[in-house]
1. Assuming Ile53 fulfils every condition listed in (1) touching a Gly at 6+ places or on another chain (Cβ under 7 Å); (2) under 25 Å from Lys135 (Cα atoms) apart from one, which condition is it?
2. So, in segment 42-82, exactly how many residues are in contact with an Asp or Glu (Cβ under 7 Å, 6 or more places away or on another chain) and hydroxyl-bearing (Ser, Thr, Tyr)?
3. With respect to the numbered conditions (1) over 24 Å from Leu36 (Cβ atoms); (2) under 15 Å from the mean Cα position of the chain (by Cα); (3) surrounded by 13 or more Cβ atoms within 10 Å (Cβ to Cβ), which one is the sole condition not fulfilled by Gly122?
4. I'm trying to understand the selection: among the residues of segment 136-154, which are of a type in the set (D, E, K, R) and in contact with a helix residue (DSSP H, G or I) (Cβ under 9 Å, 6 or more places away or on another chain)?
5. List the residue pairs whose Cβ atoms are under 8 Å apart, where the first residue sits in segment 138-154 and is under 13 Å from His109 (Cα atoms), the second is of a type in the set (Asp, Glu) and assigned to a helix (DSSP H, G or I), and the two are 6 or more positions apart or on different chains.
6. Wholly within segment 23-76, which strands (runs of 3 or more DSSP E) include no fewer than the required count, namely at least 2 residues that are free of Cβ contacts under 8 Å to residues at least 40 places away in the same chain?
7. Filter segment 125-153 down to residues that are surrounded by 11 or more Cβ atoms within 10 Å (Cβ to Cβ), on the phi < 0 side of the Ramachandran plot and part of a loop (DSSP other than H, G, I, E, B), then give me how many there are.
8. Restricting segment 85-99 to residues that are touching a strand residue (DSSP E or B) at 6+ places or on another chain (Cβ under 7 Å), polar (S, T, N, Q) and surrounded by fewer than 16 Cβ atoms within 10 Å (Cβ to Cβ), which is farthest from Pro74 (Cα to Cα)?
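Laboratory data are not the source of any read-out in this text; all were calculated from the coordinates shown. None of the values given here were measured: they were computed from a predicted structure. Here Cβ is always computed from backbone atoms with ideal geometry, including for glycine, and neighbour counts include all displayed protein chains.
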Amino acid sequence: MIINNYNSVMIKLLLISLVVFTQINLSSADFVVKMLNQSSTGVMVFEPAVLEIEVGDTVTFQSTDAAHNSASIPGMIPDGASAWNGQLSRDTIVTFDIPGIYGYQCTPHAMMAMVGVIKVGGDSSNKDSVQAAAKLYKSTFVMNQSRLDDYLSKI
């Protein structure tokens with residue numbers, strides 16, 4: 001009798017665990033950001049360049065055109081978040097587990113303001129620090145001086 005009760009409890013716990021883990025998987029989404037030489041919004045761009053996602057969502061930075069990567073910009077990610085630095089001409093997949101604002105770039109085209117912004121979990125608590133870092137960072141741009149400010153204004 002005790003063994004049957006134990007087995008019954010274990011089966012129930014297993015079923016509850018499966019339901020919870022299934023719900024977690026079902027609630028996360030996958031997004032694609034293309035790395036492009038040119039689009040209707042300009043040259044050397046991410047598309048979309050501004051994205052709002054939820055905690056746990058994944059973004060695939062798709063190597064649509066060659067010689068691009070996606071890399072987080074130092075000082076432009078939330079505290080505790082992991083930085084990333086994708087390889088050139090390769091898709092890069094990033095899961096965003098920490099809420100806040102993330103700035104990212106294409107490293108070889110950073111001076112052309114090939115940048116983007118992701119807001120995770122509806123959280124803007126690090127916006128002031130991101131804007132302060134952006135002020136310094138955009139001084140390295142040789143073109144599209146206002147692009148990063150424009151993107152930040154959309155979140």
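1. Failed condition: (1).
2. 3
3. Unmet condition: (3).
4. Across segment 136-154, the qualifying residues are Lys138, Arg147, Asp149.
5. Lys138/Asp149
6. By residue number, 30-39, 58-62.
7. 6
8. Once the filter is applied, the top-ranked residue is Thr95.
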